[in-house]
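Visitor: Got a structure for you, questions after.
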Amino acid sequence: MDKKITILGAGGRMGRWFANYFSAMDFEVTGFDSENEVKGKSVIKSDSLIGSILNVDYVMLCTPTKRMPEIIRLIAKEMKRGSYLIEISSQKSKTYAALSKVPSKINPICIHPMFGPGAKNMKSKNIILIPIKDAKSELNITRTLFPQANFVTIDAMEHDKKIAVILGLTHLINVVFANILAKDDKISLTEKMSGTTFKAQKIITESILTESPELIDTILSNPELRRYAEELWRDIGRLLTATQEGKSEDVIEYIKSSQERISKNVDLEKSYKKLSTMINSVKT
């Protein structure tokens with residue numbers, strides 16, 4: 001075994017996932033975590049941050065997004081020449097800046113795996129690559145590490161804008177929805193009365209709540225989210241006002257406009273069938 005990787009944050013959920021993944025890929029895996037216990041028979045546990053990264057080929061950061069720039073600055077100068085520094089944060093503007101300044105002896109890899117720790121494998125999973133120095137070589141090495149994944153290459157600014165919708169807006173809506181459900185003192189009755197749409201939304205909401213509050217806070221702190229959140233709030237107010245004032249034509253026009261624009265890229269009838277199939281496959 002000649003491939004060595006250290007996972008920083010190996011005690012967290014994604015850290016454990018990647019530790020198991022690379023162990024199965026025949027890597028020698030070392031794990032370090034200052035906050036959580038590092039588990040796994042195939043993982044070498046280290047008590048030293050710097051000691052764990054000195055003589056390995058790859059270092060992967062599965063640490064909190066807000067600490068990424070600080071950790072990058074701390075470890076990059078200590079890593080061996082020619083090694084790869086991989087970070088997986090959900091926001092890229094600050095980590096991109098930090099990775100851009102690492103010593104030339106280090107190869108930075110900036111990715112965002114678009115899956116959670118519940119993934120059974122890497123097959124057909126999406127990974128976003130943000131080029132730092134050499135887009136082609138960085139994509140090639142990432143494909144070597146994750147041969148079954150699908151890749152999208154995008155710059156840091158555009159990444160954060162897209163993630164504001166993909167993660168930020170969905171988390172914002174569902175966290176608020178969860179808070180409303182939590183106040184329902186007759187939730188069992190609500191569930192008995194519910195149909196397909198509510199069941200699907202409730203599953204999504206509950207799955208989001210399995211994430212740590214710190215991770216959700218990081219996702220919601222994306223500066224790009226504010227614009228979409230303000231549009232959401234404005235349109236909610238607009239629709240509620242129109243219904244209360246009896247302006248059904250305004251509401252209908254709003255819905256028709258959305259239907260027409262969405263239908264240009266999506267078969268809505270197929271989407272409904274997929275929803276029904278999904279719910280029917282879930283055992284209650």
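Any read-out appearing in this document is the output of simple, stated calculations on the displayed coordinates, not a laboratory observation. From a predicted model like this one, the values you see are computed outputs, not experimental measurements. Cβ atoms come from the backbone with ideal geometry, glycine included; neighbour counts cover every protein chain shown.
Visitor: At 7 Å along the Cα-to-beta-carbon direction for both K136 and N55, put a label point, then send me their distance in nm to one decimal.
Guide: 3.5
Visitor: Rounded to whole Å and ordered largest first, report the semi-axes of the equivalent ellipsoid of segment 130-170 derived from its Cα gyration tensor (root of 5λ).
Guide: 23, 14, 5
Visitor: According to a simple spin-label model (label point 7 Å from Cα along Cα-to-Cβ), what is the distance in nm between V251 and R143?
Guide: That separation, rounded to one decimal, is 5.1 nm.
Visitor: Compute the signed sum of charges (Lys and Arg +1, Asp and Glu -1) over the other residues within less than 13 Å, Cβ to Cβ, of Q259.
Guide: That works out to -1.
Visitor: By how many nm would the segment from F198 to E214 lengthen if fully extended, with 0.36 nm per residue of separation less the alpha-carbon distance?
Guide: Length gained between F198 and E214: 3.1 nm.
Visitor: While we're looking at this one, here's another question. Pop a pseudo-label 7 angstrom from the Cα along the beta-carbon direction at both S48 and K162 and give the gap in nm to one decimal.
Guide: 4.1
Visitor: Just to confirm a number: summing +1 for Lys and Arg and -1 for Asp and Glu over residues other than I50 whose beta-carbon lies under 15 angstrom from that of I50, what do you get?
Guide: -1
Visitor: Subtract the Cα-Cα distance of S263 and R227 from 0.36 nm times their separation in residues, and report this length gain in nm to one decimal.
Guide: That pair, S263 and R227, stretches by 10.5 nm at full extension.
Visitor: Also, quick follow-up: Of the beta bridges DSSP finds with both residues in segment 4-154, what % are antiparallel, to the nearest 5?
Guide: In segment 4-154, DSSP labels about 15 percent of beta bridges as antiparallel.
Visitor: While we're looking at this one, here's another question. Kindly provide the trypsin sites (Lys or Arg not before Pro) of segment 197-280 that DSSP labels as loop, not H, G, I, E or B, and whose Cβ sees at most 14 other Cβ atoms within 10 Å.
Guide: Numbers: sites: K199, K202, R226, R227, R234, R238, K247, K256, R261, K264, K270, K273, K274; in loops: K247, K264.
Those that pass, being in a loop and sparsely packed, are K247, K264.
Visitor: Running Debye on the chain with equal point scatterers at the Cα sites and no solvent, what base-10 log of I(q)/I(0) appears at q = 0.08 Å⁻¹?
Guide: Reported log10 I(q)/I(0), two decimals: -0.43.
Visitor: Let me ask another. Can you give the longest stretch of the chain with no exposed loop site, where a site means GluC sites (Glu not before Pro) in a DSSP loop (not H, G, I, E or B) with at most 10 other C-beta atoms within 10 Å? Before the final figure, lay out each step's value.
Guide: Numbers: sites that count: E35, E37, E245.
The segment 38-244 is the longest one with no such site.
Visitor: Rounded, prolate or oblate: pick one for segment 160-281, where a ≥ b ≥ c are the square roots of the eigenvalues of its C-alpha gyration tensor, a/c under 1.5 means rounded, and failing that, prolate if a/b is larger than b/c, else oblate.
Guide: rounded
Visitor: Here is a follow-up. Distance cut-off 21 Å, Cα to Cα: go down the list K125/K162; K101/K136; K80/K133; K202/K264; K161/K273 and report the pairs above it.
Guide: In this structure, K202/K264; K161/K273 lie more than 21 Å apart at Cα.
Visitor: Students often forget the sequence filter, so: which aspartates and glutamates lie under 16 Å Cα-Cα from K105 once same-chain residues fewer than 8 apart are removed?
Guide: By straight Cα distance, K105 reaches D57, E78, D134, E138.
Visitor: Give the lysines whose C-alpha is closer than 19 Å to that of K45, dropping any in the same chain fewer than 8 places away, or say none.
Guide: Output for K45: K3, K4.
Visitor: So which trypsin sites (Lys or Arg not before Pro) in segment 1-48 end up in coil per DSSP with only 16 or fewer other C-beta atoms within 10 Å?
Guide: K3, K39, K41
Visitor: How much of the DSSP bridge set in the chain is antiparallel, in percent, rounded to the nearest 5?
Guide: Of all bridge pairs located within the chain, approximately 15 percent are antiparallel.
Visitor: Then there's this: Sort segment 4-154 into rounded, prolate or oblate with this rule: let a ≥ b ≥ c be the square roots of the eigenvalues of the Cα gyration tensor; rounded if a/c is under 1.5, and if a/c is not under 1.5, prolate when a/b is larger than b/c, oblate otherwise.
Guide: rounded
Visitor: Segment 100-135: which trypsin sites (Lys or Arg not before Pro) are DSSP loop and have at most 10 other beta-carbon atoms within 10 angstrom?
Guide: Counting only loop positions with at most 10 other Cβ atoms within 10 Å, the trypsin sites (Lys or Arg not before Pro) in segment 100-135 are K120, K123.
Visitor: Kindly identify segment 1-51 as rounded, prolate or oblate by the Cα gyration tensor criterion: order the square roots of the eigenvalues as a ≥ b ≥ c, call it rounded if a/c is under 1.5, otherwise compare a/b with b/c, prolate if a/b is larger, else oblate.
Guide: In terms of gyration-tensor shape, oblate.
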